[in-house]
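Written out below as structure tokens is the structure these notes cover.
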Amino acid sequence: MTMTDTNRQWRLKRFVQPDEILGEEHYELSESPMPTIDDEQILVKTLLLGTSPAQRMYVTEERTFHIAVEIGEVMSGRGVGVVMESKHPDFEAGEIIQATLGWQDYVALTPDDKSDTGKNVRTVQKVPNPVRPLTTIMGLFGQLAFSAYVGIIEVGQVKEGDVVLVSSAAGGVGSVACQLARIQGASKVVGIAGGQEKCDWLVEQGLCDSAIDYKKPGQDLAAAIGEHCPDGADVYLDNVGGAMLDAALQNIAVGARVVICGMISTEYMNPRPDGPKHYFNLLYKRSRMEGFFVFDYVPRWPEFEEQLREWYSQGKLKLVDDVFDGLPSAPRALGSLFTGGHTGGCVIRVADDPENIPAI
Ligand SMILES: NC(=O)c1ccc[n+]([C@@H]2O[C@H](COP(=O)([O-])OP(=O)(O)OC[C@H]3O[C@@H](n4cnc5c(N)ncnc54)[C@H](OP(=O)(O)O)[C@@H]3O)[C@@H](O)[C@H]2O)c1
């Protein structure tokens, strides 16, 4: 394993304004000396960083989110790293871990530090027997897939013969959700995505039976969903909210499960727009709408991971990550969540996967 003597870090330069797309202009790439470690600490080299729409809330001026990055601080983000040096009895050099590493090449972590007041998921977790490529840790066997699992299997309760509609279907959560719906026996999986290219990709990759381009000029989304789901959708996994949720509500089947996973189209609006007009269909169709938070299921993550690994090894699940290369690409990768500039799970590769990984 090689180490350089400087540590590149993306630090926050200015807060993102409500009408702005998050981008490189909000950050500054600086260089600091390599961190050194004390007793009970480990030195970690960042290999991969994940992305989440919630990271936008870390850098808004309102400071309403439980994670808040201050001007000049290193941008927060979870990732996968390799232990370079350890002064902690439970960790060895070469081991692969997951933690809040931040947007930087190297970080000194204190695995037993509980002073974090529960504001963040800072726990350093070892990754036993990681599956290569290590991007699987962020995507197929990580939070994105766990969210899809909870949405489709736990809350959506997709069963044999269901028609399943998924928004942001070509994204990280959506692309796994479509695959899980198939595994659960859905008779038809319909995706909604921005652009014909993404829609073609969803069908070509076998993730969806058909797909709707919500950005098509003149598109009447409710009518299009009606054409793709003539008898209504039994399950709608909503990653988008707003007008898309309303269009889906007009097309639910009797007994439908409308699963609120995210609302990227409206979550960052200030003030928030009015709610869905067509919620009365929940009554007419004797349906339910329910949200979930994947962190409520942390104790069950190992169970989800085991099942997802089994399906992956059986060839039922495939990895469809979009890997942005290099730490400098981090702001662009995060910004792509809001512009649709990626396909599949959006991951930043900071350094190559190590050749030798000790078995744990
Ligand atoms: N409930 C939970 O515990 C939980 C956990 C994780 C994630 N989530 C939520 O799950 C959703 C997906 O997260 P992800 O990380 O997998 O992101 P993602 O789907 O990979 O990326 C976001 C996608 O949203 C679409 N989008 C952005 N702005 C939009 C708009 N105004 N209208 C319609 N579509 C828009 C874009 O795709 P197009 O090109 O198709 O527009 C973009 O690629 C997010 O809403 C996130 O907040 C929830």
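Descriptive notes on the structure:
- Charging the Cβ of each Asp and Glu at -1 and of each Lys and Arg at +1, and nothing else, the dipole of the chain about its Cα centre rounds to 880 debye.
- Each residue of region 192-206 is assigned a 3J(HN,Hα), and the resulting list reads 10, 8, x, x, 5, 4, 5, 5, 4, 4, 4, 7, 4, 6, x Hz, derived from the Karplus form 6.51 cos²θ - 1.76 cosθ + 1.60 (θ = phi - 60°), x at Gly and Pro.
- Going from the residue with the fewest nearby Cβ atoms within 10 Å to the one with the most, Ser168, Ser313 rank Ser313, Ser168.
- Those lysines that a straight Cα-Cα span of less than 29 Å connects to Lys198, excepting residues fewer than 8 apart in one chain: Lys159, Lys188, Lys215, Lys216, Lys277, Lys316, Lys318
- Computed FRET value (nearest 0.05) for Met269 with Thr339, which takes r as the C-beta separation and R₀ as 22 Å: 0.85
- The ranking of Ile260, Ile42 by Cβ neighbour count inside 10 Å, starting from the fewest, reads Ile260, Ile42.
- Three-way shape label, region 251-360, alpha-carbon gyration tensor, a/c 1.5: oblate
- Full-stretch length increase - Glu62, Asp200 - with 0.36 nm per residue and alpha-carbon distance subtracted: 45.7 nm
- Peptide ranges 320-331, 46-57 listed from the most packed, as the mean C-beta count within 10 angstrom indicates: 46-57, 320-331
- Cβ-based exposure ranking for Asp274, Asp213, in which fewest neighbours within 10 Å come first: Asp274, Asp213
- Shape of region 143-295, Cα gyration tensor, a/c cut at 1.5: rounded
- Charge dipole magnitude, Cβ of K and R +1, D and E -1 - region 230-360, Cα centre, debye nearest 20: 560
- Net charge contributed by nearby residues that have their C-beta within less than 12 Å of Lys198 (K/R +1, D/E -1): -3
- Gain on full stretching of the segment that runs from Tyr297 to Thr36 - 0.36 nm per residue minus C-alpha separation: 90.5 nm
- Helical mean residue ellipticity (222 nm; -39500 (n - 2.57) per DSSP H run of 4+; nearest 500) of the chain: -5500 deg cm²/dmol
- Residue list for region 211-252, given a label point 7 angstrom along the Cα-to-Cβ vector of Leu283 and an amide N cut-off under 20 Å: 246-252
- Bridge type composition, the chain - antiparallel percent by DSSP, nearest 5: 55
Throughout, read-outs are computed from the coordinates displayed, never taken from laboratory work. All figures in this text were calculated on a predicted structure; none of them were measured in a lab. For neighbour counting, all protein chains shown are included, and Cβ atoms are generated from backbone atoms with ideal geometry for every residue, glycine included.
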